[in-house]
């Protein structure tokens, strides 16, 4: 029987379940990726498991998110990560070496393998034919310990590409078109698999851009075939031995097929405040621009930055624009420096940033009040830039470069200059000196632990009944950035009591005080959400901090995949309204009771919620496998591991 490429790779890694879309499967993970914002807690969780060395083929710890070191916290965490990597068999990519997804694609990504990363944009690796999935840090820690990763066996959607991109239209416009077609919700449990003759016209960096932003649609991952273009990229990286030809069978069955003619695409933009708000650049033309940021894991490759450099050569930054550039890796900077493009950019008037996530996560380069900021990154959520009143537009490097020149949103096709053709190098400059291998003497490694680092908190087992207060009610499309902020406040990532003080601060600054009062009174906190609750980052702190604050359940119209898994991992029960209209019957401050919740979840029986404030009740649903039920009943994964260890000790 014909198979999709997704099925071929997943079946080759199956360790639990059968390849039946919609069912739970467990897969073997070949590689893991962590970064300092999520990897610090993942490392603490890995240590708590008591495993001597990582069990994967390759695990890499990247320092790329909180590289701005104001105060001791980030520097302390980076030193901690260095010690953990050396002790437990993990490669460390030092601060300044580059953004995890760009560097991993360059130096480690391998077609046909599986990669699990504690970052939602891990699917970037799909551009090289690797099943690359974003997950919470605890799931990644488990994979490092040799455990399987569990997910819903996906429905595979074929995105059939035909034609060829026209000048000034780029891969970023392809994925913005995909977002226009599919939106940011309703795609949970799906994989985008790209095929068709148009794929052959795209380089690996272009494919990686497209795979990267599939995360904004909420899919499990995105996947391209591994072909001659993939081989060429790996050969240029000195890794041709990692290449393998991989493709779907010609008559592979797909849940859905959508065709996009690349030659018909035009420059697009995502308007505030969602990657799913798509407009043509022509429709926005003329809007004054105050800031342009080029970089992030979406568009910071050698090809992207060469297009910008060639477009701007001999020109100056518009006086009303602040132009920031953050290369994706040290390799990219080295290439630009040696071919003269970096000098051209400096002459233009660029503000050169570190090779890191920087502006994308809001920990630097926050725009001015009420600014219009054009960014080549992947998310434009409200306040993510660090300036709540700013309006962030997501665009291609070509459209960004046009605004640098004109000071306004401009269709780059109207610049009146030839499109800068950029050939992929036959050989990339390779210098892995900032990639530190694990120690040959792990027993002699002393792990530094600063005062900001604490043990990962655990939860008590799920009680027999939940009796609590709706501490907050939110609407649709609540992201993990709404729940717990990114940016500078991520320096508290390993200090959960401190980080929890910022829960929901973008939506309701009084949430923390209310939740603390409810928790301290001995009652449970309950969150009520709308559609697509938990969009965005894989940041497990959006579940871990609520768990610390006494949240026992989140009741929503629907959830996104990674956040659902994180809630379960920390013992918070994700419930959905059976009747969607019941959402409207609840108000913030209502008292809710869920009697016999432990017994009913254990038996897989329906749950009734009583609203004692309103005097009504309604039914809620949950989609928990037998494994997930065991986790939530125990109070989360770490509590379950602790209990199993204790039982083994008693039995022995």
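Overview of values
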| read-out | value |
| --- | --- |
| Residue among 571, 602 that alone is within 30 Å of residue 51 (Cα to Cα) and not in a helix (DSSP H, G or I) | 571 |
| The range 465-481, residues that are within 22 Å of the chain's Cα centre (by Cα) and more than 21 Å from residue 541 (Cβ to Cβ) | 475, 476 |
| Filter pass, residue 56 being touching a residue at least 24 places away in the same chain (Cβ under 8 Å), closer than 20 Å to residue 149 by Cβ and crowded, with 24+ Cβ neighbours inside 10 Å | no |
| Members of the range 85-94 found to be surrounded by 24 or more Cβ atoms within 10 Å (Cβ to Cβ) and in contact with a helix residue (DSSP H, G or I) (Cβ under 6 Å, 6 or more places away or on another chain), listed by number | 93 |
| Pick from the range 345-377, criterion modelled with pLDDT of 95 or more and assigned to a helix (DSSP H, G or I), ranking: nearest to residue 332 (Cα to Cα) | 345 |
| Subset of the range 617-629 that is under 16 Å from residue 528 (Cα atoms) and touching a residue at least 12 places away in the same chain (Cβ under 8 Å) - its residue that is surrounded by the fewest Cβ atoms within 10 Å (Cβ to Cβ) | 621 |
| Residues satisfying the stated conditions in the range 172-204, i.e. part of a helix (DSSP H, G or I) and more than 27 Å from residue 272 (Cβ to Cβ) | 197, 198, 199, 200, 201, 204 |
| Options 446, 421; residue that is loosely packed, with under 14 Cβ neighbours inside 10 Å and under 28 Å from residue 179 (Cα atoms) | 421 |
| Boolean, residue 139 is assigned to a loop (DSSP other than H, G, I, E, B) and crowded, with 23+ Cβ neighbours inside 10 Å | no |
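The values are calculated or read from the model by the stated rules, or taken from the named source; none is laboratory data. This structure is a prediction, so every number in the text was calculated from the model and none was measured. With ideal geometry, Cβ positions are generated from the backbone for all residues, glycine too; neighbour counts draw on all protein chains shown.
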